[in-house]
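Notes to accompany the following structure.
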Amino acid sequence: MFKEIVLIHGAFAGPWCMQDYAAFFRDLGWTVHVPALRFHGGDPKADPDPGLTDTSVMDYTNDIAEFVQGLDSKPVILGHAIAGVVAQQVATRGLASAIVLINPNAPWGTLPETDDERAVPRALMEGGAFWKQPMRVAFDLMAPFALNKMDEARQHAVFDQLGAESGRVMFEMFFWMFDDHHAIKVEFDNVECPVLVVSGAQDRAVNPDTCRALAERYGDRGTFLLVEDHAHFLFMEPGWEGPAAQIETWLKGQPK
């Protein structure tokens, strides 16, 4: 069994959101790494680095690939949301022993299936040329769609830690059909390691059916885990220990 894991946060967030999982795996003897995506991890209220404007998902993937290549062993890579796409892309380079995708954004070529999944790109379109600048997400969008399994006080506490995100990244995620670079495309056949796709049953940002379909694309290499009473930020929600234990159990069952 492998015992080194890289935990990667999603859009607008930072390493802080993975601290419960980091402590959980360390207590079980894992070597844990929690890198920040490019231009993330600083003061969430500070003005974003100007470089965030042109940052792409491809940059996130290249950065994480470089980070992983500097480790002593080939790790498990766990990614949340857009970092689920990053984890898959890094795995296509043969750099992961297994990948765990928590409520991963759908990769290139996947259309939104539900009104909830269409709500985010619709809100982006109302904001003008969002892809030309760093952007911030509104509480009124995050609370019902991504923080819906937290009480209001916890919602505000988490939201207050969210920083800016690259508008280009959001464009690549939700308007992939107009992206000439195919930044979120995943070559599924090149992912040779085991894949676990974890879905919060109450996630309104990434529908469980989207996650199930992704797991099925991996055939025998893919496993789908539906977690009841959880949503998008299941690793920070009340009862987060349950899915963490299920993930660790799955990892223990994988060949070295």
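Against the test of being closer than 14 Å to GLY84 by Cα and surrounded by fewer than 17 Cβ atoms within 10 Å (Cβ to Cβ), the options GLU192, GLU216, GLU187 yield a single qualifying residue, GLU187. Pairing residues of the range 101-130 that are farther than 17 Å from ALA143 by Cβ with residues that are exposed (fewer than 15 other Cβ atoms within 10 Å of the Cβ) and of a type in the set (Asp, Glu), at Cβ distances under 7 Å and at least 6 apart in sequence or on separate chains, gives GLU113/ASP209.
Cβ separations smaller than 6 Å between residues 6+ apart or across chains give the following pairs from the range 71-96 residues that are under 17 Å from ALA22 (Cα atoms) to residues that are open to solvent by 10 Å² or more (accessible area, probe 1.4 Å) and among the hydroxyl-bearing types (Ser, Thr, Tyr): VAL76/SER97. Among the residues of the range 32-67, those identified as under 30 Å from ALA245 (Cβ atoms), open to solvent by 10 Å² or more (accessible area, probe 1.4 Å), touching a residue at least 40 places away in the same chain (Cβ under 8 Å) and not in a loop (DSSP other than H, G, I, E, B) are HIS33, PHE67. Here ASP229, ASP180, ASP209, ASP203 are screened, and the one residue that is assigned to a loop (DSSP other than H, G, I, E, B), open to solvent by 30 Å² or more (accessible area, probe 1.4 Å) and on the phi < 0 side of the Ramachandran plot is ASP180.
What residue, among those in the range 232-256 that are open to solvent by 20 Å² or more (accessible area, probe 1.4 Å) and assigned to a helix (DSSP H, G or I), is farthest from VAL120 (Cα to Cα)?
First, pick out the residues of the range 232-256 that are open to solvent by 20 Å² or more (accessible area, probe 1.4 Å): 238-242, 245-246, 249-250, 252-256.
If we keep only those that are assigned to a helix (DSSP H, G or I) too, we end up with 241-242, 245-246, 249-250, 252.
Working: GLU241: 29, GLY242: 28, ALA245: 31, GLN246: 30, THR249: 33, TRP250: 32, LYS252: 36 Å.
Across the range 232-256, the extreme among qualifying residues is LYS252.
The residues of the range 134-170 that are within 16 Å of the chain's Cα centre (by Cα) and over 18 Å from LYS45 (Cα atoms), listed by number, are PHE145, ALA146, LEU147, VAL169, MET170. The one condition from (1) at pLDDT 95 or above; (2) surrounded by fewer than 20 Cβ atoms within 10 Å (Cβ to Cβ); (3) closer than 24 Å to GLY51 by Cα that ALA83 does not meet is (2).
Of note, GLY109 satisfies the criterion of being under 22 Å from MET58 (Cβ atoms) and either in contact with a Phe, Trp or Tyr (Cβ under 8 Å, 6 or more places away or on another chain) or acidic (Asp, Glu) (or both).
Filtered by the rule that a residue be loosely packed, with under 15 Cβ neighbours inside 10 Å and assigned to a loop (DSSP other than H, G, I, E, B), the range 141-160 gives ASP151, ASP160. Of everything listed in (1) of a type outside the set (S, T, N, Q); (2) modelled with pLDDT of 95 or more; (3) part of a loop (DSSP other than H, G, I, E, B), the single unmet condition for ASP189 is (3).
Any idea which of PRO112, PRO107 is within 17 Å of ASN207 (Cα to Cα), at pLDDT below 95 and open to solvent by less than 30 Å² (accessible area, probe 1.4 Å)?
Working: PRO112 fails: open to solvent by less than 30 Å² (accessible area, probe 1.4 Å).
Residue meeting the stated conditions: PRO107.
Close Cβ contacts (under 7 Å, 6 or more residues apart or on different chains) running from residues in the range 222-235 that are of a type in the set (Val, Ile, Thr) to residues that are open to solvent by 10 Å² or more (accessible area, probe 1.4 Å) comprise THR223/TRP250; VAL227/ALA201.
The values are calculated or read from the model by the stated rules, or taken from the named source; none is laboratory data. In this text the structure is predicted, and so the values were computed from the model without any measurement. Because the Cβ atoms are built from the backbone with ideal geometry, glycine has one as well, and the counts that use them run over all protein chains shown. Ligands, DNA and RNA are stripped out before the accessible areas are found, and what is left, the full protein with its side chains, is counted by its heavy atoms. Shrake-Rupley method; radii C 1.70, N 1.55, O 1.52, S 1.80 Å.
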